[in-house]
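The values are calculated or read from the model by the stated rules, or taken from the named source; none is laboratory data. Predicted model, so just to flag it, every value in this text is computed and none were measured. Glycine also receives a Cβ, built like all others from the backbone with ideal geometry; neighbour counts cover every protein chain displayed. We work out accessible area using only protein heavy atoms, side chains counted, and drop any ligands, DNA or RNA first. Shrake-Rupley method; radii C 1.70, N 1.55, O 1.52, S 1.80 Å.
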Amino acid sequence: MKNFDVIVIGSGPGGYIAAIKASQLGYQTAIVEKYPTLGGTCLNVGCIPSKALLDSSEHFYNASNRFEQHGIRISKPEVDFAQMIARKAKVVEDNCRGVEMLMKKNKITVFRGVGCFLDPNHIQVKANENMETLNGTNIIIATGSKPSNLPGVSIDKIRIITSTEVLSLSEIPQNLLLIGGGVIGMELGTVYARLGSKVRVIEYTDTLIGTFDRALGRELLKISRKLGMEFYLSHKVQSVEYSNIDRVRVSALAPNGQEVQFEGDYCLVAVGRRPYTEGLQLENAGISTDERGFIPVDENCRTAMPHIWAIGDVVRGPMLAHKAEEEAVAVAERIAGQKPHIHYHLIPNVVYTWPEVASVGYSEEQLKNQNTSYRVGQFPFMASGRARASMDTEGFVKVLAHSDTDEILGVHIIGPRAADLIAEAALAMEFRAAAEDIARICHAHPTFSEALKEASLAASGLGSLNF
Ligand code: FAD
């Protein structure tokens, strides 16, 4: 039996960051991963491969549709899809190898196999015939999540697929049926729409990216329609089945109660993710999951057992890599007796379409629900010199500030480089800045960030200077 101060189960962004931080704080640390590669969902089948394909498809789209306006003539570009997927695989491989190196550098012992609790302090690692037992003073569960499914739908991973399979297809779908207009669905649908697939999005609610301020969903809908994507909002999927060996049929109830049928060559089910604890044998540790499958934790990510912690997608809160990482660092520091704090409502959320969508803080709907009085300042990218120069004039920045104190309560952006712009808003809000604070900070010209300054000018009541 091997003894460790900290055992981490799962090597996604929650697990590997927790292991690194624990080791840096002087703890003898082990990490257990059931897959051959480290990095979890994020590196293998999530953030990184999806962004690799988003980037490749964006290059293709721009070369096909926008170069000419910039005065660049090229012969009609073609997609080498096998190369696109191979490049994505290489990006994933390099990133996973990077985590492997970080484990070595930080002297973390890696165990490959499924980790399960024998009792509250002992973890058994099962890899084929080999078994190893580890004793941990502290244990951090970071086993992540898996794609959710709809009741009665059987995902065969061939033509009825999840986000995992759609990242490694061998052909571009001609006719992709996409169930779910959330973040993951919109990103992956965008990839294939740019590559020429006919993409039809069937969404249960009446909006896209429903976790965001509704103004962003409305704008994304308009923009994505221009890309040729079709949307069927407020449609409830009833069944997904094969209509032929290579054809899939989705039946859905339209808002008027009529049944509508869609046929395609692939159906991507992107209806969210569920926490993953299979095989962990939590009961041996005296821990049970809640009714939705999450491991219950307190505000410090401590489970019912004081020395067992849980972080990332397997616990409450947004299922985001950077949220998992913040919890990872915080838990390692708490083990060391420190008292870190995470502002959960200041975790930015991003959709990597183009234009990108990014948000931090409260949405307008949330402020209305909690009866907070607020002012809105909005600035369209159409009025930005930088955006006109790059032909990225779609979208806007919306700043919500408290009516009395001017404190920034939420920032919602759809526009070029929104994913990067949101960092300034998150920083300002961590320091509880007023809209006037951002408005009076000198922003370089011409930059997309001037749009945040202008929206802050408007929200603070000083008045936008360029719109
Ligand atoms: P995971 O990354 O899921 O890692 C859990 C690990 O635990 C896995 O490697 C698993 O094999 C291992 N494991 C599970 N059980 C055991 C066991 N019993 N023993 C040993 N090992 C075990 N988030 C963002 O912030 N930005 C994005 O752009 C983004 N894009 C995404 C795109 C897609 C297509 C998907 C699917 C997700 C995306 N996400 C994104 C979400 C992000 O990937 C997750 O929030 C993040 O990976 C969660 O990290 P985690 O460490 O909690 O779990």
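The table below lists the values:
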| quantity | calculated |
| --- | --- |
| Pairs where the first residue, in segment 314-330, is touching a residue at least 40 places away in the same chain (Cβ under 8 Å) and open to solvent by less than 30 Å² (accessible area, probe 1.4 Å) and the second is of a type outside the set (Lys, Arg) and more than 10 Å from the ligand (Cβ to nearest atom), C-beta under 7 Å, 6+ apart | Val314/Phe294; Val314/Ile295; Val315/Phe294; Val315/Ile295; Val315/Val297; Val315/Cys301; Glu327/Cys301; Glu327/Ile342 |
| Filter result (open to solvent by less than 30 Å² (accessible area, probe 1.4 Å), β-branched (Val, Ile, Thr) and assigned to a helix (DSSP H, G or I)) within segment 148-185 | Val166 |
| Contacts under 6 angstrom Cβ, first residue in segment 407-431 being assigned to a helix (DSSP H, G or I), partner hydroxyl-bearing (Ser, Thr, Tyr) and buried (at least 23 other Cβ atoms within 10 Å of the Cβ), 6 or more apart | none |
| Subset of segment 186-217 (residues that are surrounded by fewer than 23 Cβ atoms within 10 Å (Cβ to Cβ), among the β-branched types (Val, Ile, Thr) and touching a helix residue (DSSP H, G or I) at 6+ places or on another chain (Cβ under 8 Å)) | Thr207, Thr211 |
| Hits in segment 263-284 (condition: more than 12 Å from Ser148 (Cα to Cα) and either away from the ligand (no atom under 12 Å from the Cβ) or open to solvent by 50 Å² or more (accessible area, probe 1.4 Å) (or both)) | Glu263, Gly264, Asp265, Tyr266, Cys267, Glu278, Gln281, Glu283, Asn284 |
| Enumeration of residues in segment 19-38 that are open to solvent by less than 40 Å² (accessible area, probe 1.4 Å) and more than 7 Å from the ligand (Cβ to nearest atom) | Ala19, Ile20, Ala22, Ser23, Thr29, Ala30, Ile31, Leu38 |
| Positions within segment 258-288 being under 30 Å from Thr137 (Cα atoms) and within 23 Å of the chain's Cα centre (by Cα), in sequence order | Arg274, Pro275, Tyr276, Thr277, Glu278 |
| Any chance Lys51 is farther than 13 Å from Val331 by Cβ, near the ligand (Cβ under 8 Å from one of its atoms) and either open to solvent by 40 Å² or more (accessible area, probe 1.4 Å) or modelled with pLDDT of 95 or more (or both) | yes |
| Residue identified as among the aromatic types (Phe, Trp, Tyr) and either within 14 Å of the ligand (Cβ to nearest atom) or at pLDDT below 95 (or both) among Tyr352, Tyr362 | Tyr352 |
| Only listed residue being small (Gly, Ala, Ser), within 16 Å of the ligand (Cβ to nearest atom) and within 27 Å of Ser145 (Cβ to Cβ), chosen from Ala252, Ala324 | Ala324 |
| Given (1) more than 12 Å from the ligand (Cβ to nearest atom); (2) touching a residue at least 12 places away in the same chain (Cβ under 8 Å), number of the condition Gly46 does not satisfy | (1) |
| Pairs where the first residue, in segment 11-40, is among the aromatic types (Phe, Trp, Tyr) and the second is more than 8 Å from the ligand (Cβ to nearest atom), C-beta under 6 Å, 6+ apart | Tyr16/Val99; Tyr27/Asp5; Tyr27/Val6 |
| Members of segment 404-420 that are in contact with a Phe, Trp or Tyr (Cβ under 6 Å, 6 or more places away or on another chain) and open to solvent by 10 Å² or more (accessible area, probe 1.4 Å) | Leu409, Arg417 |
| Residue list for segment 99-147, restricted to those being more than 9 Å from the ligand (Cβ to nearest atom), surrounded by 15 or more Cβ atoms within 10 Å (Cβ to Cβ) and under 28 Å from the mean Cα position of the chain (by Cα) | Val99, Glu100, Leu102, Met103, Asn106, Ile108, Val110, Ile139, Ile140 |
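Each row is one residue, and each column tells you yes or no for (1) outside any strand (DSSP E or B); (2) touching a residue at least 24 places away in the same chain (Cβ under 8 Å).
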position: Asn256; (1), (2): yes, no
position: Val260; (1), (2): no, yes
position: Leu280; (1), (2): yes, yes
position: Thr289; (1), (2): yes, no
position: Pro296; (1), (2): yes, no
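A quick yes/no check of all residues on (1) in contact (Cβ under 8 Å) with a residue 24 or more places away in the chain; (2) more than 25 Å from His412 (Cα to Cα); (3) not aromatic (Phe, Trp, Tyr):
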position: Ser145; (1), (2), (3): yes, yes, yes
position: Pro151; (1), (2), (3): no, yes, yes
position: Tyr192; (1), (2), (3): yes, yes, no
position: Leu220; (1), (2), (3): yes, no, yes
